[in-house]
Each structure stands twice: as structure tokens, then as C-alpha cells.
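Just below is one structure, and these are the notes that go with it.
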Amino acid sequence: MPPRDPWVWCLAIPALFALLASIRLTTPSAPYFDEIHYLPAARELLALLNGDGGAYVNREHPLLGKELIALGMYMFGDNPLGWRIMSLIAGTVAVGASMRTLWQASHDRFAVIAFGILLVTGFHLFIHARIAMLDVFMAAFLALAAWQFAAACRQPETGRWRLALTGVAIGCALAAKWNAVPLAMAFGLAFFAARFSAGRRRLLLSRRGVPVPGISLVEAFLWLGAVPLITYALTFMPGYWLGTQFSSSPLAQSGLIGLHFEMLELQQQVLAPHAYQSTWSQWVMNTRGIWYLYEFTDGAQRGVLLIGNPITMLLGLPALAWCLVMGLYRNDWAKLAVVAGYGVSLGLWLIAPKPVQFYYHYVMPSVFLLAALAISLSDIHRSGRRWIAYIVLGGSAAMFALFFKILSAGELAGPMSFADWTWIAGWR
């Protein structure tokens, strides 16, 4: 009997995530960490709506994430709820869409439920669902793209419209943050590789063969290549009017291509060394965190520490190795896909021309890491050693509960309370 679709769990677990992440969502009541960069940009977009001109600030990043922050402020006001509500929604979508992606890719009910639990308790998405930064929007749109792409492969009769939605979501992910570039390219490359491996004689025009029968390579290029670029470009439309007057807008002056040369230069500028900078190897081993907040605010000492869940970030590493070996041995594309996703998203930071990097760049690799762990736990569960899988999931939840105060800006005992959670020097 085929496994039952865990669609109820795919609603219930994101709902639980939203409930937990909404606790103290408006604390701190003042902007913190990188909100100081993105909130002014969102305010300028709102000024544009009000006919006040609006300046083009924070030019190094695309506009969509800041437009979504501005939308939250438009609906709920220029206050902590307005600043962060769209991040909460995006984080919730990221959890649900990621679960649906794994279901479409694997049809493994236990792995899907385990993945949801690991995402909720994995720290990364939780923290970024509670702050007005760009990473969570990128993660949400990439998860939506992966869901629709996997569903197109699983259900070819719906392939055309699902690939179209994939393209729109890819464009939105790029428009949220450029860190999405390598994963955005992966969809089209995966389609090409699968079709090429099928050995079709009319490679470009044949509609037969994997990954989506009925769709030719030429049509796939339209959905996975052209549509993302068009979607991405459309998100910049408000930028033509950002400025004290139309002619002063850097987008109106330089055009979309010219603006992107300026954005690239800003992205590559050499920043001064930062106390919280880190390297990819420290991300992998979870040895360097970032205190997004640690100060006396809103009547108490409070903190927000970005690290990964100490249990699952390490257990995920052998899980990746397991997925690679067994994926090759069994020709299991779901296992191979999570390993490839981890490698592609982390590999960007091995070659990126940014001398100063931070642990929040590990958000997307951590999602693939947890997917690999969920799949591995499902294999253990099927082997008869169910207690191991349940201990890991319970341990992840227990660790989340232990760190909850400094994931959610809870009230701490005093200025030295950070020592209760900084178990290694790199978390201080």
C-alpha cells in the first residue's frame, strides 16, 4: 500500500512553528542587528507610496525583500509587528514548502514529518522568522520553487504550470537576495542533465523522458531560465521612482544593467574585519555564532544568539555521507538531491569574493543538512531501530527548549547570563 500523504502534518507543523516564532515577536521594540539596514530602505519605499519621493538606499541588495518588509509596515504600521510580520509568514512558508518538497521527492512519510520537526527546532529558520532581514524571504521562495519542481517531476500531467510557478519562485528568490544564485541555476541544470542522460536524439525538442515528460528542453528553458529573469526584473519597478525626483533615481539614470554593476561593486567591497566574521569550516562544525542581540532592553537583559542546534548540526554531517553513499548505491535521487543542494549552497561561500562572511550564510545549507538527517532517520526507523530516530528528534526538541530564551529574546537573569549557553568560546 502506498504511503499516505502527510498533508495534515504539513499544515500542523508550520502552524506550530508560527505559534512559537510569534512569542515575543515584537521584542526588542527597537531595531536590532541588520534591521538597521533594511528598515530605512523599507521606509523609503513607503515614502514613495505616499508621494514623498523616497531615496534609494541599501543599493547592494535587490528590492523584493525590502518591498515585503514595507508591505508588513504598510499593513501593521512602522512598529515591531509591522517590521517582522512578513518574516514570520515567510519562515512559516519555508517550513511547509520544504516539507512538501521532500514528500514529492521521496514519498517518505516519516522523513517528511521528521524534517518538519528538525526545521522547527533547528534554530536557523526560527531566528530569521523573527527579524526583518532578507535571508528568510530567499529561503521561502527557494522552498516554493523546490516544491513545485519536485511536484512537476512526480506528476508530469501538471508539469507545465508547476514549472511556470517554479520559474516565478526562482525569480523572487533572486530578487530577495543574491545568495540564491547557485540554487536558482540548479533547477535548469538538473533538468538538462536528466534529459541528456536519457539519451534523446532530438535533445532540444524531444518531449519524452525524465524529468518531466511532455516538456522539451526549449520549453524548460523558458520556464526555468526566462521566467525567473523576467520576474526578477519586474521586482525592480519601484526603483525607477526611488529618488527625490524621477531623474535622480540610480535605476533611472543607469538602467537595470548599469545598476547591477554598481550592486556587484558594493557586494565585492572589502569590509573591515568584524568580531563575528567566520569561515565555512566553522559553519559546518557549528563553532562560531553571532549575537544578534545582547543588551538591556524592554525592561530586562535579553539576547538572541544565532547558532545551529548543537545536536542536529553535527548529526547531519554523517547523514549527508549516508545519503551520498546510499543515493549512489540505490540510485535514490531524493538522497542525491539533498547532498547536491548542500554542496551547491555551501560551495558558493568557498569561492565567493567576499572576504568577510557570517554564519547566517549557512541558512540554506542547514536546510539541506536537516533534510539529509530526516531521510537518514527514516532509514533507521525502517530498519527496526525506531528508538534511535525518536531519541534524535526528541533531543532536537529538547535542545530547542533549552535555548528558547536566547532564540526568542527572553528575559535573562543578568548581564552574565550568556555564559549559561555559550558552551564553547566561539559562541561568546
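The values are calculated or read from the model by the stated rules, or taken from the named source; none is laboratory data. Not measured: the values here are computed from a predicted model. Cβ sites come from the backbone with ideal geometry, for glycine too, and all protein chains shown count toward neighbours. These area figures cover heavy atoms from the full protein model, side chains too; ligands, DNA and RNA do not enter into them. Shrake-Rupley method; radii C 1.70, N 1.55, O 1.52, S 1.80 Å.
When you scan segment 184-203, do you find a residue that is of a type in the set (S, T, N, Q) and loosely packed, with under 14 Cβ neighbours inside 10 Å, even just one? Among the residues of segment 184-203, at least one is of a type in the set (S, T, N, Q) and loosely packed, with under 14 Cβ neighbours inside 10 Å, which makes the answer yes. When residues in segment 368-404 are screened for being of a type outside the set (A, V, I, L, M, F, W, C), free of Cβ contacts under 8 Å to residues at least 40 places away in the same chain and either open to solvent by less than 30 Å² (accessible area, probe 1.4 Å) or touching a Lys or Arg at 6+ places or on another chain (Cβ under 9 Å) (or both), 0 of them pass. Yes or no: TYR360 under 19 Å from the mean Cα position of the chain (by Cα) and open to solvent by 10 Å² or more (accessible area, probe 1.4 Å)? It is true that TYR360 is under 19 Å from the mean Cα position of the chain (by Cα) and open to solvent by 10 Å² or more (accessible area, probe 1.4 Å).
For segment 156-183, give me each residue that is in contact (Cβ under 8 Å) with a residue 24 or more places away in the chain, open to solvent by 30 Å² or more (accessible area, probe 1.4 Å) and not basic (Lys, Arg). Let's see the steps before the verdict.
Filtering segment 156-183 down to residues in contact (Cβ under 8 Å) with a residue 24 or more places away in the chain leaves 156-157, 159-160, 163-164, 166-183.
Next, only the ones that are open to solvent by 30 Å² or more (accessible area, probe 1.4 Å) stay: 156-157, 160, 168, 178-179, 181.
Selection gives PRO156, GLU157, VAL168, TRP178, ASN179, VAL181.
The residues of segment 30-48 that are open to solvent by 20 Å² or more (accessible area, probe 1.4 Å) and in contact with a helix residue (DSSP H, G or I) (Cβ under 7 Å, 6 or more places away or on another chain), listed by number, are PRO31, LEU46, LEU48. Scanning segment 139-147 turns up no residue that is over 16 Å from the mean Cα position of the chain (by Cα) and open to solvent by 20 Å² or more (accessible area, probe 1.4 Å). Scanning segment 39-83 for residues that are in a helix (DSSP H, G or I), in contact with a Phe, Trp or Tyr (Cβ under 8 Å, 6 or more places away or on another chain) and over 25 Å from ILE23 (Cα atoms) yields a total of 5.
Selection of segment 252-311 for residues being at positive phi and crowded, with 18+ Cβ neighbours inside 10 Å yields only ASN286.
As a summary of the residue check, LYS335 satisfies the conditions (1) among the charged types (D, E, K, R); (2) open to solvent by 20 Å² or more (accessible area, probe 1.4 Å); (3) part of a helix (DSSP H, G or I) except for the one numbered (2).
Report the residue count in segment 55-108 for those that are at pLDDT 95 or above and either open to solvent by less than 30 Å² (accessible area, probe 1.4 Å) or of a type in the set (S, T, N, Q) (or both).
Residues meeting the conditions: 34.
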